[in-house]
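Data first, discussion second: the structure below is written as structure tokens.
The values are calculated or read from the model by the stated rules, or taken from the named source; none is laboratory data. Because the structure is a prediction, the values reported are computed rather than measured. Here the Cβ positions follow ideal geometry from the backbone for every residue, glycine too, while neighbour counts run over all protein chains shown. Heavy atoms of the whole protein, side chains included, go into the accessibility calculation; ligands, DNA and RNA do not. Shrake-Rupley method; radii C 1.70, N 1.55, O 1.52, S 1.80 Å.
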Amino acid sequence: MVNPFHLAFPVDDLAAARTFYGTVLGCAEGRSTEAWIDFDLYGHQIVTHLVPDACHGGSEGGGGAVDGHNVPIPHFGVVLDMEDWKVLAERVRSHGIPFGMEPQIRFAGLPGEQATMFFCDPAGNALEFKAFANMQQLFAKQ
């Protein structure tokens with residue numbers, strides 16, 4: 001079993017965060033106050049903190065070149081099994097959330113071949129969700 005991680009990050013609108021993480025991504029809500037909300041993101045604890053003037057990454061931040069694509073830096077997400085990844089991709093699409101990188105297979109035929117997608121939350125925080133047909137490839141070297 002992998003220990004759950006904890007990640008706290010800024011958002012500029014808690015109601016929008018509640019809708020995005022709770023409704024769009026389907027995260028169960030944990031404790032909350034008027035300043036923050038805990039969410040269960042596939043067994044990991046993420047916490048949205050209200051920071052009205054926060055500067056976010058996502059499409060407005062810097063990027064890094066990976067497999068011929070410019071990916072937003074910073075970003076976070078979860079490595080899912082392939083079926084959960086496909087369900088999430090459809091869920092995000094059905095809610096009209098624009099993808100920064102459409103769901104696709106990267107590094108095809110190479111060590112580390114993976115399904116990946118990028119999109120941003122309403123505050124501009126970039127998220128990446130990926131999956132591997134073979135989880136043994138998670139830390140594969142090129």
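Going through 17, 8 one at a time, which residue ends up being under 22 Å from residue 85 (Cα atoms), of a type in the set (A, V, I, L, M, F, W, C) and either modelled with pLDDT of 95 or more or not in a strand (DSSP E or B) (or both)? Every option except 17 fails the conditions.
Counting only residues that are surrounded by fewer than 18 Cβ atoms within 10 Å (Cβ to Cβ) and touching a residue at least 24 places away in the same chain (Cβ under 8 Å), which one in the range 20-41 is farthest from the chain's Cα centre (by Cα)? In this case the residue turns out to be 36.
One residue is enough: does the range 73-92 have a residue meeting the conditions under 18 Å from residue 20 (Cα atoms), hydrophobic (A, V, I, L, M, F, W, C), in contact with a His (Cβ under 9 Å, 6 or more places away or on another chain) and touching a residue at least 12 places away in the same chain (Cβ under 8 Å)? Yes, the range 73-92 contains at least one residue that is under 18 Å from residue 20 (Cα atoms), hydrophobic (A, V, I, L, M, F, W, C), in contact with a His (Cβ under 9 Å, 6 or more places away or on another chain) and touching a residue at least 12 places away in the same chain (Cβ under 8 Å).
Looking at residue 22, is it closer than 22 Å to residue 84 by Cα and assigned to a strand (DSSP E or B)? So residue 22 does not fit the description; no. The set of residues in the range 112-134 that are without any contact (Cβ under 8 Å) to a residue 40 or more places away in the chain and of a type outside the set (Ser, Thr, Tyr) comprises 112, 113, 114, 115, 117, 119, 134.
Just one of the listed residues (109, 96, 68) is without any contact (Cβ under 8 Å) to a residue 12 or more places away in the chain, of a type outside the set (Phe, Trp, Tyr), farther than 13 Å from residue 129 by Cα and open to solvent by 80 Å² or more (accessible area, probe 1.4 Å), namely 68. Residues in the range 116-137 that are farther than 21 Å from residue 74 by Cβ and open to solvent by less than 20 Å² (accessible area, probe 1.4 Å): 132 only.
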